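> Provided herewith is a single structure, encoded as structure tokens, for subsequent inquiry.
The values are calculated or read from the model by the stated rules, or taken from the named source; none is laboratory data. Source: prediction; values computed, not measured. Methodologically, a virtual Cβ is constructed for each residue, glycine included, from the backbone with ideal geometry; neighbour enumeration extends over all protein chains shown. All accessible areas refer to the heavy atoms of the entire protein, side chains included, with ligands and DNA or RNA removed. Shrake-Rupley method; radii C 1.70, N 1.55, O 1.52, S 1.80 Å.
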Amino acid sequence: PELVTIKYRRARVYYEYNHFAEAAPLFEDIVKNHTKDDLAIYSANLYFDSLNVLHKYEDLEMATATYCTYPDLTKDEDFKKQCAIIKNGIRRKKIEGWEAEGKFRLAADEYLKLVAENPSDPRLDELLATTATVTGPPIDQ
């Protein structure tokens, strides 16, 4: 137990001083190798946050796909909710990329799926408005 605490404190110092690249692998080590420890959930959240700050969205997507399925972590309801929020955020980033590339139909379809899968999302109105903007007005033929 003391080893995990030492690892966590070391990672936390890097994190607090905005050395996210150094903190991320230390947090990940705790999540991977000490999943049953109480600090694993905190480490997972800070690992996700570090990846987000570093704009490593593909790594963040892989990390959530992996760690958000660990039973020792997902038994915590707040962690499960956080995983869902992060996954939806990653999906929105992808959709925004498709918009920027001019793939409007694909973006609109994905926004509609996101709305359908998340009817209680607090940003539902924003998603619907964005979908309408992406699809645009109907074209008269």
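> Taking residue 66 as meeting all but one of (1) β-branched (Val, Ile, Thr); (2) open to solvent by less than 70 Å² (accessible area, probe 1.4 Å); (3) outside any helix (DSSP H, G or I), write down the number of the exception.
(3)
> Based on this model, can you work out whether residue 6 counts as open to solvent by 100 Å² or more (accessible area, probe 1.4 Å), over 30 Å from residue 114 (Cα atoms), at pLDDT 95 or above and not basic (Lys, Arg)? Steps first, please.
Values: open to solvent by 100 Å² or more (accessible area, probe 1.4 Å): yes; over 30 Å from residue 114 (Cα atoms): yes; at pLDDT 95 or above: yes; not basic (Lys, Arg): yes.
Spelling it out, residue 6 is indeed open to solvent by 100 Å² or more (accessible area, probe 1.4 Å), over 30 Å from residue 114 (Cα atoms), at pLDDT 95 or above and not basic (Lys, Arg).
> Let me spell it out: the conditions are (1) modelled with pLDDT under 90; (2) part of a helix (DSSP H, G or I); (3) not aromatic (Phe, Trp, Tyr), and residue 86 meets all of them except one. Which number is the exception?
The failed condition is (1).
> Could you identify the single residue in 86, 30 that is open to solvent by less than 60 Å² (accessible area, probe 1.4 Å), under 15 Å from the mean Cα position of the chain (by Cα) and not acidic (Asp, Glu)? Let's see the steps before the verdict.
Numbers: 30 fails: under 15 Å from the mean Cα position of the chain (by Cα).
Only one candidate qualifies: 86.
> Among the listed residues 14, 47, 57, 70, identify the single one that is among the aromatic types (Phe, Trp, Tyr) and more than 30 Å from residue 119 (Cα to Cα). Explain how you work it out, then say what you get.
Details: 47 fails: more than 30 Å from residue 119 (Cα to Cα); 57 fails: more than 30 Å from residue 119 (Cα to Cα); 70 fails: more than 30 Å from residue 119 (Cα to Cα).
Going through 14, 47, 57, 70 in turn, the sole match is 14.
> Which one is nearest to residue 81 (Cα to Cα) among residues in segment 3-54 that are among the hydroxyl-bearing types (Ser, Thr, Tyr) and assigned to a helix (DSSP H, G or I)? Even if it seems obvious, please write down each step before you answer.
Of all residues in segment 3-54, those among the hydroxyl-bearing types (Ser, Thr, Tyr) come to 5, 8, 14-15, 17, 35, 42-43, 47, 50.
From what is left, the residues that are assigned to a helix (DSSP H, G or I) are 5, 8, 14-15, 42-43, 47, 50.
Working: 5: 25, 8: 23, 14: 26, 15: 23, 42: 14, 43: 16, 47: 16, 50: 18 Å.
The qualifying residue nearest to residue 81 (Cα to Cα) is 42.
> Still on this model: Answer yes or no: is there a residue in segment 37-52 that is more than 19 Å from the chain's Cα centre (by Cα) and either modelled with pLDDT under 95 or open to solvent by 90 Å² or more (accessible area, probe 1.4 Å) (or both).
Yes.
> In segment 66-77, which residues are free of Cβ contacts under 8 Å to residues at least 12 places away in the same chain and not polar (S, T, N, Q)?
Residues of segment 66-77 that are free of Cβ contacts under 8 Å to residues at least 12 places away in the same chain, as a first pass: 66, 69, 71, 74-75, 77.
Result: 71, 75, 77.
> Then there is this: Show the residue pairs meeting these rules: Cβ distance below 8 Å; 6+ apart or different chains; first residue within segment 84-101 and more than 19 Å from residue 73 (Cα to Cα); second residue assigned to a helix (DSSP H, G or I) and among the charged types (D, E, K, R).
90/61; 91/110; 94/110; 95/110; 98/110
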